[in-house]
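See below for the structure under consideration.
Laboratory data are not the source of any read-out in this text; all were calculated from the coordinates shown. Model, not experiment: these values are computed from the prediction. Neighbour counts are summed over all protein chains in view; Cβ atoms, including those assigned to glycine, are modelled from backbone coordinates with ideal geometry.
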Amino acid sequence: MREKSHETVPMSVEQAVTEMEMVGHDFFLFIDEDSGDPVVVYRRRGFDYGLIRVHTADEAQPAEESA
């Protein structure tokens, strides 16, 4: 298994997308400047983007609404 260390500074989602595009990857791990939480932005099919927000199980999260 390959392992990498990634040094970053807190940034916005927009900045993270720009960084991801600059390095040519399909995903980018960053620290959200508003929440301080680790977040992954990734490229979805159809050239739009998605976010994966990481939190601990004991943090209450609102239920997602179904569309």
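Listed values, structure above:
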{"quantity": "Long-range amide H partners of residue 49 with built H, under 5 Å", "calculated": "44"}
{"quantity": "Kirkwood Rh, angstrom, the chain [1 / mean 1/r, Cα pairs]", "calculated": "13.4"}
{"quantity": "Nonlocal amide H pairs with residue 37, under 5 Å, H built at 1.01 Å", "calculated": "32"}
{"quantity": "Exposure proxy ranking, count of Cβ atoms within 10 Å, fewest first, for 32, 37", "calculated": "37, 32"}
{"quantity": "Estimated vicinal HN-Hα couplings, Hz - region 23-29 in sequence order (Karplus 6.51, -1.76, 1.60; Gly, Pro = x)", "calculated": "8, x, 9, 8, 8, 8, 8"}
{"quantity": "Additional length obtainable on full extension of the chain from residue 13 to residue 54, 0.36 nm per residue less Cα span", "calculated": "13.3 nm"}
